[in-house]
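Note sheet for the following structure.
Any read-out appearing in this document is the output of simple, stated calculations on the displayed coordinates, not a laboratory observation. Model, not experiment: these values are computed from the prediction. Methodologically, a virtual Cβ is constructed for each residue, glycine included, from the backbone with ideal geometry; neighbour enumeration extends over all protein chains shown.
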Amino acid sequence: MEHDASERKMRFLFQLRSRGVTDPRVLAAMERIDRGAFVRGQFADRAYDDMPLPIPCGQTISQPSVVGLMTQALETGPRDTVLEVGTGSGYQAAVLSGLVRRVYTVDRHRRLVTEAQALFDELGLTNITAQVADGSRGLPDQAPFDRILVTAAAEDPPGPLLAQLKIGGIMVVPVGQSDAVQTLIRVRRGENGFDYDELRQVRFVPLVEGLGQT
Ligand code: SAH
């Protein structure tokens with residue numbers, strides 16, 4: 001059993017590296033968080049495979065290599081305050097919690113927020129706050145943020161999120177139509193405006209305005 005778990009972890013990390021997750025701090029953060037804790041029910045046995053999986057409320061937990069690449073693209077520092085839009089299972093927030101000072105994560109589905117917060121408490125991840133909110137408006141009470149990570153696809157980087165990014169801050173967001181392949185964009189806010197670069201093609205569930213029914 002012990003042997004299986006460490007072999008599984010080695011395979012998981014190898015897969016991440018072979019798909020471009022090379023930042024040692026990101027790999028260490030992902031080594032510490034067991035993705036198996038965030039996948040329940042009939043898909044639990046696929047938790048260590050590099051694929052997205054269904055979670056409640058018709059949403060998905062992202063593919064581990066995409067979580068790694070997005071985290072890497074965010075270039076976090078240990079004193080950063082980060083906003084994540086799209087808590088989902090809580091896995092991405094948990095990975096971020098090991099790299100930064102404070103993580104705020106919001107989702108439009110109450111059930112997802114409640115379940116993720118329970119997991120954070122159970123795992124002792126005390127620097128994450130999960131909240132029900134429409135993340136397309138950001139989180140004005142806690143703004144501005146050093147880093148913003150959006151884990152649902154928007155047609156354009158939402159204006160309120162750009163406004164809540166500190167100067168020197170970075171936002172990573174998948175942009176494009178929800179039923180098509182989207183482009184992962186990195187936005188850097190400088191003294192005089194925003195710089196955009198395109199990172200890779202991705203596929204995310206859509207960013208939907210307003211709160212969910214559950
Ligand atoms: N980061 C998650 C996966 C996110 S799936 C993980 O690690 O598991 C995308 C999530 O974005 C879904 O849970 C969906 O409910 C949420 N979402 C979509 N539109 C939103 C909005 N406007 N505000 C907040 N959350 C939103």
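Mind ordering 106-113, 197-204 by average Cβ neighbours within 10 Å, highest first? List each step's numbers first, then the result.
Values: 106-113: 21.9, 197-204: 15.0.
Descending mean neighbour count gives 106-113, 197-204.
Let's test this: bin the Cα-Cα distances of the range 8-109 at 5 Å from zero up to the farthest pair and state each bin's percent.
Taking all Cα pairs of the range 8-109, the binned fractions are 2, 13, 25, 25, 20, 11, 3, 0 percent.
Counting Lys and Arg as +1 and Asp and Glu as -1, what is the net charge of the other residues whose Cβ lies under 15 Å from the Cβ of ILE61?
Net charge in that neighbourhood comes out at -2.
Principal axis lengths of the range 67-127 from Cα atoms, whole Å, largest first?
Sorted from largest, the Cα extents of the range 67-127 read 30, 21, 17 Å.
Mind checking the dipole of the range 17-135: about its Cα centre, +1 per Lys or Arg Cβ, -1 per Asp or Glu Cβ, Debye to the nearest 20?
80
At q = 0.17, 0.26 Å⁻¹, what is the log10 ratio I(q)/I(0) for the range 153-214, with the Debye formula run over Cα points and no solvent?
Scattering profile of the range 153-214, log10 relative to I(0): -0.60, -1.07.
Please list the non-local residues whose amide H lies under 5 Å from the amide H of GLU84, H modeled 1.01 Å from N, same-chain partners needing a gap of 5 or more.
Answer set, sorted by chain and number: TYR104, THR105, VAL106, LEU149.
Where nothing but the Cβ of Lys and Arg (+1) and of Asp and Glu (-1) is charged, how large is the charge dipole of the chain around its Cα centre, in debye to the nearest 20?
Roughly 200 debye, rounded to the nearest 20.
Gap in Å between the Cα centre of the range 158-214 and the Cα centre of the range 61-126?
Computed from Cα coordinates, the inter-centre distance equals 16 Å.
Listing LEU211, LEU53 from the residue with the fewest other Cβ atoms within 10 Å to the one with the most, what is the order?
Ascending number of Cβ neighbours within 10 Å: LEU211, LEU53.
With a ≥ b ≥ c the root eigenvalues of the C-alpha gyration tensor of the range 108-193, is it rounded (a/c under 1.5), prolate (a/b larger than b/c) or oblate?
Working: a/c = 2.12, a/b = 1.36, b/c = 1.56.
Here the range 108-193 falls in the oblate category.
Give the Rg (one decimal place) followed by the Dmax (whole number) of the range 23-167, computed from C-alpha coordinates and expressed in Å.
14.1, 44
From the helices alone, meaning DSSP H stretches of at least four residues, give me the mean residue ellipticity at 222 nm for the chain, per-run term -39500 (n - 2.57), in deg cm²/dmol to the nearest 500.
Theoretical 222 nm ellipticity from helices: -8500 deg cm²/dmol.
Taking other Cβ within 10 Å of each residue's Cβ, how do MET10, MET70 sort, fewest first?
Ascending Cβ contact count within 10 Å gives the list MET10, MET70.
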